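A.B. asks: This structure is in structure tokens; I'll ask about it shortly.
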Amino acid sequence: MQKILYTNCVSDAVRQLVSESKPASTHIITDSNVGRDVLSRLGLDYDVIMVEPGDGNKNIQSLSHIWDSLINGGATRKSLAINIGGGVVTDMGGFAAATFKRGIRFINVPTTLLAAVDAAVGGKTGINFEGLKNEIGAFAPADAVVISTALFSTLPSAELLSGYAEMLKHGFLSSEEAYNELLGFDILHADLEGLLPLLEKSVKVKERIVGEDPFEKGIRRALNLGHTAGHAFESLAIHKGSPIPHGFAVAYGILVEMIISHSLEAFPSAELYRYASYLKEHGYGCPDISCEDYPALIAYMRHDKKNDTPSAINFTLLSKPGVPLIDRTASEAEIEAALDIFRDIME
């Protein structure tokens with residue numbers, strides 16, 4: 001069972017976990033931004049493996065650098081990796097640990113809201129490959145995750161909004177009450193101490209679903225709400241040379257899939273427009289797409305790992321907040337119609 005600690009005494013928690021693990025050696029995996037802004041504050045005296053920041057560096061070259069550094073640092077099968085950073089670091093560091101010498105133990109310390117609520121928890125690890133998001137990876141849960149809102153104090157607004165989109169997703173999957181509580185919280189002017197209990201509730205939604213379905217054979221697919229369309233937005237933006245934050249892409253994807261839900265599953269239009277208003281009022285903006293981008297977006301959706309057959313595009317939809325519907329499909333015409341409505345609402 002993955003241990004999740006909610007604390008603002010990060011260094012003490014990490015040292016205690018290392019002491020309990022009794023590793024042969026300990027190696028921090030992080031990126032240069034976190035190394036500059038966060039690592040010095042933590043005062044952890046372990047071997048440091050540094051990678052370049054950004055989703056564009058979540059690739060086989062960075063992964064190879066981590067493996068090389070572990071070898072050069074004398075890591076053995078009894079060593080411990082500590083991934084300190086955002087989702088890129090926890091995804092890639094987790095995959096490096098899961099595959100090095102057929103698997104070493106690792107701890108995640110997310111330094112962004114997005115990583116805390118999403119990437120660091122649940123056991124999904126991986127890298128991007130050939131322009132496709134998380135195309136290569138493995139299910140490998142961290143031994144422990146240390147979650148602290150104190151590490152978010154220097155995050156720009158865009159990073160907070162990115163992470164909050166995943167929290168909104170968990171609210172949609174949980175209940176109308178949870179969703180309403182999240183819509184009533186102003187993440188851009190948040191007291192970080194007040195955010196911690198809300199974050200804990202959100203992570204527990206994911207914990208519950210992952211506990212029921214650790215290898216994504218059934219109900220765990222509910223966590224993909226917003227991700228079929230969202231990953232397509234994200235991949236297209238990367239292809240155009242103008243990357244967008246993962247959480248922004250998910251926020252847009254949720255709205256597209258709400259529109260499809262309204263068309264196919266009678267999801268209430270009032271909730272759809274309330275959610276769209278939240279996005280616009282809080283500065284999520286709108287992706288730069290036109291109808292000419294639809295074929296590319298649909299092609300990216302066809303590459304999504306959730307699809308069981310090449311001909312069908314798999315979505316998680318909603319009949320209402322708190323009632324997800326997994327393994328639903330939509331035709332190209334239905335997706336294009338949803339994209340048209342999405343652009344009308346958001347532009």
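The values are calculated or read from the model by the stated rules, or taken from the named source; none is laboratory data. Note that the structure is predicted; figures quoted are calculated from it, not measured. Please note: Cβ atoms are built from the backbone with ideal geometry, for glycine as well, and neighbour counts cover all protein chains shown. Each accessible area value is taken on the protein alone, full model and side chains, heavy atoms only, with ligands, DNA and RNA left out. Shrake-Rupley method; radii C 1.70, N 1.55, O 1.52, S 1.80 Å.
A.B. asks: Test each condition in (1) open to solvent by 50 Å² or more (accessible area, probe 1.4 Å); (2) touching a Ser or Thr at 6+ places or on another chain (Cβ under 9 Å); (3) not small (Gly, Ala, Ser) for ILE219 and report the one that comes out false.
C.D. replies: The failed condition is (2).
A.B. asks: If I ask for residues that are of a type in the set (Gly, Ala, Ser) and either open to solvent by 50 Å² or more (accessible area, probe 1.4 Å) or at pLDDT below 95 (or both), which ones from segment 248-268 would you list?
C.D. replies: If the condition is that a residue be of a type in the set (Gly, Ala, Ser) and either open to solvent by 50 Å² or more (accessible area, probe 1.4 Å) or at pLDDT below 95 (or both), then SER263, ALA266 are the ones that fit.
A.B. asks: What is the one condition in (1) within 19 Å of GLY86 (Cβ to Cβ); (2) in a helix (DSSP H, G or I) that GLU193 does not satisfy?
C.D. replies: With respect to (1) within 19 Å of GLY86 (Cβ to Cβ); (2) in a helix (DSSP H, G or I), GLU193 is out only on (1).
A.B. asks: Which of the residues that make up segment 142-184 are outside any helix (DSSP H, G or I) and either surrounded by fewer than 20 Cβ atoms within 10 Å (Cβ to Cβ) or aliphatic (A, V, I, L, M) (or both)?
C.D. replies: Within segment 142-184, ALA142, ASP143, ALA144, VAL145, VAL146, ILE147, SER153, THR154, LEU155, PRO156, SER175, GLY184 meet the criteria.
A.B. asks: So TRP67 passes all but one of these: (1) out of contact with any helix residue (DSSP H, G or I) (no Cβ under 9 Å at 6 or more places or on another chain); (2) more than 10 Å from ILE28 (Cα to Cα); (3) open to solvent by 30 Å² or more (accessible area, probe 1.4 Å). Which condition number does it fail?
C.D. replies: With respect to (1) out of contact with any helix residue (DSSP H, G or I) (no Cβ under 9 Å at 6 or more places or on another chain); (2) more than 10 Å from ILE28 (Cα to Cα); (3) open to solvent by 30 Å² or more (accessible area, probe 1.4 Å), TRP67 is out only on (1).
A.B. asks: Could we say that GLY93 is in contact (Cβ under 8 Å) with a residue 60 or more places away in the chain, under 20 Å from GLY126 (Cα atoms) and surrounded by 23 or more Cβ atoms within 10 Å (Cβ to Cβ) here?
C.D. replies: So GLY93 fits the description; yes.
A.B. asks: For residues in segment 292-347 being polar (S, T, N, Q) and part of a strand (DSSP E or B), which is surrounded by the fewest Cβ atoms within 10 Å (Cβ to Cβ)?
C.D. replies: Among residues in segment 292-347 that are polar (S, T, N, Q) and part of a strand (DSSP E or B), the one surrounded by the fewest Cβ atoms within 10 Å (Cβ to Cβ) is SER319.
A.B. asks: Just one of (1) β-branched (Val, Ile, Thr); (2) open to solvent by less than 40 Å² (accessible area, probe 1.4 Å); (3) over 18 Å from the mean Cα position of the chain (by Cα); (4) farther than 16 Å from ASN128 by Cα trips up VAL48, so point out which.
C.D. replies: Result: VAL48 passes all but (2).
A.B. asks: Now a separate question. Filter segment 112-121 down to the residues that are closer than 18 Å to PHE95 by Cβ and open to solvent by less than 10 Å² (accessible area, probe 1.4 Å) and list them by number.
C.D. replies: Within segment 112-121, ALA115, ALA120, VAL121 qualify.
A.B. asks: Within segment 74-85, does at least one residue satisfy the condition of being without any contact (Cβ under 8 Å) to a residue 40 or more places away in the chain and closer than 28 Å to PRO245 by Cα?
C.D. replies: No - not one qualifying residue is present in segment 74-85.
A.B. asks: Of the residues in segment 298-342, how many are among the aliphatic types (A, V, I, L, M) and over 30 Å from LEU188 (Cα atoms)?
C.D. replies: Residues meeting the conditions: 11.
Here's the yes/no breakdown for (1) at pLDDT 95 or above; (2) touching a strand residue (DSSP E or B) at 6+ places or on another chain (Cβ under 9 Å); (3) within 19 Å of HIS227 (Cα to Cα):
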| site | (1), (2), (3) |
| --- | --- |
| ALA150 | no, no, no |
| SER157 | no, no, no |
| ALA165 | yes, no, yes |
| ASN180 | no, no, no |
| ASP186 | no, no, no |
| ALA190 | no, no, no |
| GLY194 | no, no, no |
| PRO197 | no, yes, no |
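A.B. asks: Check LYS206, LYS240 and return the single one that is open to solvent by 30 Å² or more (accessible area, probe 1.4 Å), basic (Lys, Arg) and touching an Asp or Glu at 6+ places or on another chain (Cβ under 8 Å).
C.D. replies: Every option except LYS240 fails the conditions.
A.B. asks: Shifting gears a bit: State all residues of segment 193-229 that are within 20 Å of ALA138 (Cβ to Cβ) and of a type in the set (S, T, N, Q); if no residue qualifies, say none.
C.D. replies: Answer for segment 193-229, where residues must be within 20 Å of ALA138 (Cβ to Cβ) and of a type in the set (S, T, N, Q): just ASN224.
A.B. asks: Can you find, within segment 124-141, the residue that is surrounded by the most Cβ atoms within 10 Å (Cβ to Cβ) among those that are in a loop (DSSP other than H, G, I, E, B) and out of contact with any helix residue (DSSP H, G or I) (no Cβ under 7 Å at 6 or more places or on another chain)?
C.D. replies: PRO141
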